[in-house]
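Worksheet: the structure to be examined is printed underneath.
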Amino acid sequence: ALSQAFSSPARPPSVSIRGGTYEKDPAWFNVPRTVLDATSRRLHLQPDHPICITRQIIEANFPAPTYRYYNHHSPVVTTHQNFDSLGFPPNHPGRALSDTYYINHETLLRTHTSAHQADTFGANSSDGYLISADVYRRDAIDRSHYPVFHQMEGARSWDRRKVPNGDIAAAVRADLERLPRHNIQVEDPNPPFHEERNPLQECHTAAEAEAIGRHLKRSLELMVVDIFSRARAAAVRDDPNFVDEPLRMRWVEAYFPFTSPSWELEVYYAGDWLEVLGSGVVRQSIYDNAGVPSQQGWAFGLGIDRIAMLLFQIPDIRLFWSQDERFLSQFAGVSDRPDTIKRFVPFSKHPPCPKDVSFWLPLSSSSSSAAGGNDRGAFHENDVMEIVRDVAGNDVEDVRLLDEFTHPATGRKSMAYRIVYRSLEHTLTNEKANGFHQAVRHALVQKLGVELR
Ligand code: FA5
Ligand code: MG
């Protein structure tokens, strides 16, 4: 029996995702069943699903043949594609097991569509591209965050060897003139670049970066204006006396390792600013590594789910995963007739069940660890998020930190969270919410070694 065990070693455990088989490393694998199941849903390709409709409408704003569309990339990518190729430093916190779903140490579920940038810049023969896909992140729980969501990557490049006189700035400005205008006042107090906060790349002239930034901003503003006018038309079809609030947008300076200067675009929605995308002037090293060093341009990555929430007035990101006919039937036929969009009508409103939990962290994880790396001993809030998701699935709406303090004598740290349980499809009885909460308390002790207070 012993020799047999040696001659036929157990096959390493593996996992199948969208037709591929990947070796699981138990020291790294951290994908819960619910997230694994989501890899087969492909909502962005499901006709008449709001994520798919939104993708189609955004694509129409970036027309072929200038832009080419890629919608079928597998969610399983390498750490090289997701991080290294984009210039993420080795200790970047995004690489940690607390933030990212890993299959093994060099294979993961992409955390953003930028994972395909390096490959696409080299292979794409059009001036621009759009990549739509499902992406995966261990993240907060609230109405605009979900561990699986959808992004669209977009890019537009100009080639020094192909533009008149090799003058990229002039070519970009000419293309900008050809874009439509809009009359929405956009808040954009930032200079086109800023030496410390948002630097110009050495290889770019100020004129180049400025022109590329303006083309980027106008292109994306036009897309948001289109989404808003469609949302407004839907509201008026519903109620001819509908009066909407004016559209408000603002550009905020940002940082990404693969763009500079960089910005995020926020849209005012339901009483708050909602971040819809990150963007910037593509770092030259990305083009160089992709074998197209004569190109320059911009890139963005937007949250399709968040744009879909604006378009259909969908109040909670969890709804996109609903298989309930009362949800899905509201979008029937819209993929073929985007002019027939209707506002989403909540099928019923169910009361929230808020419950609090507070606990002491084990002493070993009380000291805050340096960010980044895969520090397994440290406490990470995303572990709390995942425990709650595991227990309550889509019946949890929001988890937030209420309070945290360190005991002056013992050095132990205490955390208090408020968890709001609420179902979108049925009324959650207090009994069921209590059951969830008991199970969460138990799992916090079992999995994180905390002491309940
Ligand atoms: C990125 O992912 C960058 N790759 C974007 C980018 C691409 C920048 C190209 C420059 C050039 P960020 O982490 O901010 O950036 O995510 C982009 C968008 O995804 C956000 O603005 C938001 O709309 C959406 N998003 C992020 N996390 C979630 C989440 N948990 N649930 C739903 N949407 C999310
Ligand atoms: Mg962001």
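A few remarks follow.
- Subset tally (residues that are touching a strand residue (DSSP E or B) at 6+ places or on another chain (Cβ under 8 Å), assigned to a helix (DSSP H, G or I) and over 17 Å from G301 (Cβ atoms)) for the stretch 102-126: 0
- Residue check, D336 outside any strand (DSSP E or B), surrounded by fewer than 20 Cβ atoms within 10 Å (Cβ to Cβ) and not basic (K, R): yes
- Residue satisfying all of: in the stretch 203-244; small (G, A, S) and closer than 29 Å to G271 by Cα; surrounded by the fewest Cβ atoms within 10 Å (Cβ to Cβ) among these: S229
- If you filter the stretch 263-284 down to residues that are among the acidic types (D, E) and within 12 Å of ligand 2 (Cβ to nearest atom), you find that the one that is nearest to P199 (Cα to Cα) is E264.
- Of all residues in the stretch 121-146, those satisfying the criterion of being out of contact with any helix residue (DSSP H, G or I) (no Cβ under 8 Å at 6 or more places or on another chain) and either among the hydrophobic types (A, V, I, L, M, F, W, C) or buried (at least 18 other Cβ atoms within 10 Å of the Cβ) (or both) are A123, N124, D127, G128, R137.
- Remark: Y129 falls outside the filter, which requires a residue to be among the aromatic types (F, W, Y), out of contact with any His (no Cβ under 7 Å at 6 or more places or on another chain) and more than 14 Å from ligand 1 (Cβ to nearest atom).
- Within the stretch 147-173, the set of residues being in a strand (DSSP E or B), under 12 Å from G297 (Cβ atoms) and touching a helix residue (DSSP H, G or I) at 6+ places or on another chain (Cβ under 6 Å) comprises just one member, W158.
- The set of residues from the stretch 76-101 being over 15 Å from F29 (Cβ atoms), in contact with a strand residue (DSSP E or B) (Cβ under 7 Å, 6 or more places away or on another chain) and either among the polar types (S, T, N, Q) or assigned to a loop (DSSP other than H, G, I, E, B) (or both) comprises T78, N82.
- Single residue of L265, L247 found to be surrounded by 20 or more Cβ atoms within 10 Å (Cβ to Cβ) and away from ligand 1 (no atom under 16 Å from the Cβ): L247
- Matching entry among L200, L176 (being buried (at least 16 other Cβ atoms within 10 Å of the Cβ) and part of a loop (DSSP other than H, G, I, E, B)): L200
- Filter result for V252 (near ligand 2 (Cβ under 10 Å from one of its atoms), surrounded by fewer than 20 Cβ atoms within 10 Å (Cβ to Cβ) and of a type in the set (A, V, I, L, M, F, W, C)): yes
- One residue alone among S260, S229, S219 is free of Cβ contacts under 8 Å to residues at least 60 places away in the same chain and either more than 15 Å from ligand 2 (Cβ to nearest atom) or of a type in the set (V, I, T) (or both), and that residue is S229.
- Residue satisfying condition, being under 22 Å from V388 (Cα atoms) and within 14 Å of ligand 1 (Cβ to nearest atom), within set D316, D272, D356: D316
Every number here is computed from the coordinates shown, using simple stated rules; none is lab data. Computed from a prediction, not measured in an experiment: that's the story for all the values here. A quick note on method: Cβ atoms are made from the backbone with ideal geometry, for glycine too, and the neighbour counts reach across all protein chains shown.
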